[in-house]
Amino acid sequence: MKKILLAIFTLIFFCMTAAAVNAAESDDLTIQLKIDSPLMLVNNEEKSIDENGTVPVIVNGRTLLPIRAVVEEIGGSVEWNGDTRTVDLQSGDNNIKLEIDSTTAYLNNGPYTLDTPPAIIGGRTMLPIRFIAESFGLEVNWSGEEQTVTIVKKSEIQTETVTSVEIRTEVTTNEETTTENDNNILVVYFSATNNTKGVAEKIAEAADADIYAITPAIPYTDADLDYNTECRANKEQNDDSARPEISGMVENMEDYDTVFIGYPIWWGQAPKIMYTFLESYDFNGKTIIPFCTSGSSPIGSSAENMHSLAAGADWLEGQRFGGGASADDVSSWVNSLGLK
Ligand SMILES: Cc1cc2nc3c(=O)[nH]c(=O)nc-3n(C[C@H](O)[C@H](O)[C@H](O)COP(=O)(O)O)c2cc1C
């Protein structure tokens, strides 16, 4: 009976996935803008960027776009505050705050350093497209030859593919099938503002792995993360002996051969709670694969500086992602690791 049920659910899964993929292929939104052109192509339909004839420009080698048109096309919103000279962009659950002429931007309240600040050019607010697109999970392609930027928003329906996978996972956990996570991979992450959480979930899906969130015994408040002040996070990062307490444990760590460990970059390094985590288990003989999210900093020395805390493990090279990394970006990295 279970086998019949499994077959039915598997069939439903394949039908839903096929439908989702077909819909995704046809429902992707593509927006193309050209340097110095006041027109944009939205799914090949020509539209004016705005009524003032604003055009995209290149400053410091970065493309600055009149962003309102793009964000509104993808179903997001843009709010300009003239008093503070700030722009708030919202798309789905992600919020970006930028300030004119400031290289500090905020994604979901986490600070990022931009290499080109937003600017007002010809009375229009021009924003660095790559940072915004990456944060909102959009694909951006630049053609130097054509001088065009192509932004692709993958169809919303693709998320249904994820739901379908979850259905399959539930069904295959019955005792007749043992396909769920029998590859002994665990994804562990700490995330204060959910960017790393999003990437960790995508890794777990791509690697068919179990997932565990490191939960601080004392949660980090907004004030604790306000890195412009003498906040808790800054104090911990400056204290070699800081080991913030973790609430809960991975009960069956011995079951895992490969452990991805993910964290946000705080002042170029992993938060000290990652040190607490690594010191709490025996990683001898396991493979550890670090990953992080950050505003703009690379993974740098953050992973190497944790090697001594699990010296008996085989540490693979780590990977940095932007806060809104796409499922495609994450899964290509996971696939490149050649895990079984
Ligand atoms: C205390 C603190 C320090 C940070 N330091 C850096 C940094 O050095 N470089 C950087 O690019 N981003 C830095 N950030 C931004 C975070 O790395 C970034 O927002 C990250 O994606 C947050 O991940 P989370 O949402 O999983 O916590 C910092 C954030 C905080 C709160």
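General observations
- Residue match in the stretch 51-60 (condition: among the polar types (S, T, N, Q), under 22 Å from Asp27 (Cα atoms) and surrounded by fewer than 18 Cβ atoms within 10 Å (Cβ to Cβ)): no
- Meets criteria (in the same structural domain as Gly300 (by TED's automatic domain parsing), in contact with a strand residue (DSSP E or B) (Cβ under 7 Å, 6 or more places away or on another chain) and within 13 Å of the ligand (Cβ to nearest atom)) for Tyr189: yes
- Counting only residues that are surrounded by fewer than 16 Cβ atoms within 10 Å (Cβ to Cβ) and assigned to a helix (DSSP H, G or I), the stretch 244-257 holds 2 of them.
- Filter result for the condition that a residue is of a type in the set (D, E, K, R), at pLDDT below 80 and surrounded by 13 or more Cβ atoms within 10 Å (Cβ to Cβ), over Glu134, Glu73: Glu134
- Test: residue in the stretch 147-165 that is under 24 Å from Val57 (Cα atoms) and modelled with pLDDT under 80: no
- Among the residues of the stretch 244-284, just one is among the acidic types (Asp, Glu) and under 22 Å from Cys231 (Cβ atoms), namely Glu245.
- In the stretch 203-227, the residues that are more than 13 Å from the ligand (Cβ to nearest atom) and part of a loop (DSSP other than H, G, I, E, B): Asp208, Ala209, Ala217, Ile218
- Matching entry among Ile214, Ile218, Ile265, Ile203 (being under 26 Å from Asn95 (Cα atoms), surrounded by fewer than 14 Cβ atoms within 10 Å (Cβ to Cβ) and touching a residue at least 24 places away in the same chain (Cβ under 8 Å)): Ile218
- Selection of the stretch 104-131 for residues being within 13 Å of the ligand (Cβ to nearest atom), in a strand (DSSP E or B) and either surrounded by 19 or more Cβ atoms within 10 Å (Cβ to Cβ) or among the acidic types (Asp, Glu) (or both) yields Ala105, Leu107, Gly110, Tyr112.
- Scanning the stretch 78-97 for residues that are farther than 17 Å from Pro118 by Cα and of a type in the set (S, T, N, Q), we see that the one that is surrounded by the most Cβ atoms within 10 Å (Cβ to Cβ) is Ser91.
- Residues satisfying the criterion are present in the stretch 228-243 (criterion: under 28 Å from Glu317 (Cα atoms), in contact with a helix residue (DSSP H, G or I) (Cβ under 6 Å, 6 or more places away or on another chain) and part of a loop (DSSP other than H, G, I, E, B)).
- Test: residue in the stretch 271-292 that is exposed (fewer than 13 other Cβ atoms within 10 Å of the Cβ) and within 16 Å of the ligand (Cβ to nearest atom): no
- Residues located in the stretch 319-340, provided they are within 14 Å of the ligand (Cβ to nearest atom) and in a loop (DSSP other than H, G, I, E, B): Gly322, Gly323, Gly324, Ala325
The values are calculated or read from the model by the stated rules, or taken from the named source; none is laboratory data. Since the model is a prediction, treat every value here as computed from it, not as a measurement. Note that we place each Cβ from the backbone using ideal geometry, even for glycine, and neighbour counts take in every protein chain shown.
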